[in-house]
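Asks: Handing you a structure now.
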């Protein structure tokens, strides 16, 4: 069964990266195993990807964090506080997603 | 979710029955009029971007009234985060439109009216805040564009309203009835009036007791009986009628202002938000002006981003990009632009909660923001024109470029670097012309000067808010002066 991952964007006023291109590439790398849910969900996501265009990451707020149990935060050319070049962002995030779910104990899944 | 699409917004305007004059004629269909249409597109953008997940975090907010997602232009700021998001949203819209997108005036008006009506009711026992909340709920549920109307024509600036030769030079209560008021007068420079569903009128300045009838605030449908509009001319406006989109510069977006005339307009009491409570006219004007001065730290910065990009492209197309003075001019443009943004962010981050629960910007910093906005876009525009070169204002028209015979001549002699099509060079120069001298210069330059209050108005506020006595005490302390 395909796992659902949440996706939230910042408002895009200062994009250091092409956010939509990154997401399209990420979707290609995750095809078949994962689906990205854009917008709100009635249930909390196990994992969410916060796509912020710059290091300010202004969308990283408590009300956003409450939408998922865990988050991977892309903030410009940074993933979870680590510098990553733009052309490697999708590869790195896809790997993090797969490692997250592989590391989950099946009994912990809600 | 009560968010209109851009198309729904456009259709909603078609249902209005506004009385609009432009170039001496009544406009039967403002939505499709070629001079007005670009300004409608700019407001439409505020709707369509709110539907896009890539922008909804800035374009939308959660209503404190209903918990629903609403367009941020219909939202009351409930935190300093909201104030910051507002400025960022405005920067985004300035970037996407390169023009004045007009919807800010209404957002700034509702935020000012919210806290002032709350405090007015608390002191005077009036019921204005309840009426305002009903209006706000409707505004949010229907995702309305509201035009905040403040500036009166004012006539003789040396005389108060009640001493003017013509009493209608300030909007006033002409008659009070059991079911409402009759208002008479006009509001000048009304940004986006013809693209609005409703209007929210406020007094233009602090009113004294003798001018109590001029201390009036109300909401009305934009097409209410008795309201008419006279559209303001803009530099190069009739280029939009020539069928040459390249020559317009920014074909898709624009802004507008209009004179809004009230010819004995009836306002039922349920829509009246102030009717003579003159001691609250000053706070309402100050807060609206403060929010609107904050706004310019977003919108003009976004347009500035476009102008900087256009100037850099012009340098590329001219083959001049490697010149150190060109690089330095672009650096200066960015420095000035980001300074304006820094001011917008600062006055937002330093905001504070009011008694009604909504957040007010830091007034000193908002006025500093706008004072800088009265200057820096002029210098940014000057540098853009410097980089673009004189061709910007001597260039042949699109019709010459497309001419079967002389088109080749235009192509040959207006080409910059060989690899860039001449048309691209012409397009970017026309965009710079549009923002610095054309229809968008209304918003980028003169509105930067006078919008949200002319330069002296901010200097008065800076003087009031600057806390000079405290600064003197600091100096005395360090100088060892004991009194």
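Asks: Return one quarter of the surface area of the convex hull spanned by the alpha-carbon atoms of chain B, equal to its mean projected area, in nm².
Replies: Values: hull surface 108.5 nm².
If you wrap the Cα atoms of chain B in a convex hull and average its projections, you get 27.1 nm².
Asks: Based on a Kirkwood Rh over C-alpha pairs, give the Stokes-Einstein translational diffusion coefficient of the stretch B:80-122 at 20 °C and viscosity 1.002 mPa s in µm²/s.
Replies: Roughly 181 µm²/s, to the nearest whole number.
Asks: A further question on this structure: To the nearest 10 degrees, how steeply does helix B:363-373 sit against the main Cα axis of chain B, on a 0 to 90 scale?
Replies: 30 degrees
Asks: Once you have the alpha carbon radius of gyration of the stretch B:6-279, what is it after dividing by 2.2 N^0.38 Å, with N set to its residue count?
Replies: This ratio for the stretch B:6-279 stands at 1.01.
Asks: If you don't mind, another one. Counting each pair of different Cα atoms once, what's the Kirkwood radius of the stretch B:1-122 in Å, rounded to one decimal?
Replies: On the way: mean 1/r = 0.0630 Å⁻¹.
Hydrodynamic radius (Kirkwood, Cα pairs) of the stretch B:1-122 is 15.9 Å.
Asks: If one computes P(r) from the Cα atoms of the protein assembly as shown, what percent of pairs lie at distances over 40 Å? Please list the in-between numbers first.
Replies: Numbers: 56806 of 175528 pairs.
I get 32 percent for the Cα pairs in the protein assembly as shown exceeding 40 Å.
Asks: Turning to a different aspect of this structure: Determine the calculated [θ] at 222 nm for chain B from helices alone, applying -39500 (n - 2.57) to every DSSP H run no shorter than 4 residues and normalising by the residue count; nearest 500 deg cm²/dmol.
Replies: Rounded to the nearest 500, it is -14500 deg cm²/dmol.
Asks: Moving on. Using Cβ contacts closer than 10 Å as the measure, can you line up B:425, B:287, B:78 from fewest to most?
Replies: Starting with the residue having the fewest Cβ neighbours, the order is B:78, B:425, B:287.
Asks: May I pose another question? Can you tell me the orientation of helix A:89-103 relative to chain A, as the angle in degrees between its alpha-carbon axis and the longest Cα principal axis, to the nearest 10?
Replies: The angle comes out near 20 degrees.
Asks: Also: Against the empirical 2.2 N^0.38 Å scaling, what ratio does the C-alpha Rg of the stretch B:146-186 come to?
Replies: Cα Rg divided by the expected 2.2 N^0.38 Å: 1.30.
Asks: OK, next. If packing is taken as the average count of other Cβ atoms within 10 Å, what order do B:390-396, A:17-23, B:180-186 fall into, highest mean first?
Replies: Values: B:390-396: 14.6, A:17-23: 17.4, B:180-186: 20.9.
Peptide ranking by packing, descending: B:180-186, A:17-23, B:390-396.
Asks: Take the alpha-carbon positions of chain A, form their convex hull, and give its projected area averaged over all directions (one quarter of the hull surface) in nm².
Replies: Mean projected area for chain A: 6.7 nm², to one decimal.
Asks: Taking the Cα centroid of the stretch B:113-138 and of the stretch B:254-303, what is the distance between the two, rounded to the nearest whole Å?
Replies: Going from one Cα centre to the other spans 16 Å.
Asks: In 5 Å bins starting at zero, report the fraction of Cα pairs in the stretch B:286-359 per bin as a rounded %.
Replies: Result returned by the calculation: 3, 15, 19, 17, 12, 10, 8, 6, 4, 3, 1, 0.
Asks: What is the diffusion coefficient of the stretch B:364-410 in µm²/s, taking the Kirkwood radius over Cα pairs and the Stokes-Einstein relation at 4 °C with a viscosity of 1.567 mPa s?
Replies: 95 µm²/s
Asks: Once the Cα atoms of helix B:104-124 and of chain B are each reduced to a long axis, what angle between those two axes, in degrees from 0 to 90 to the nearest 10, is obtained?
Replies: So the inclination is approximately 10 degrees.
Asks: Taking just the alpha-carbon atoms of the stretch B:283-473, what radius of gyration and Dmax come out, in angstrom?
Replies: 20.7, 76
Laboratory data are not the source of any read-out in this text; all were calculated from the coordinates shown. Bear in mind that the values here come from a model prediction, so they are computed numbers and not experimental data. We place every Cβ from the backbone using ideal geometry, glycine too, and count neighbours over all the protein chains shown.
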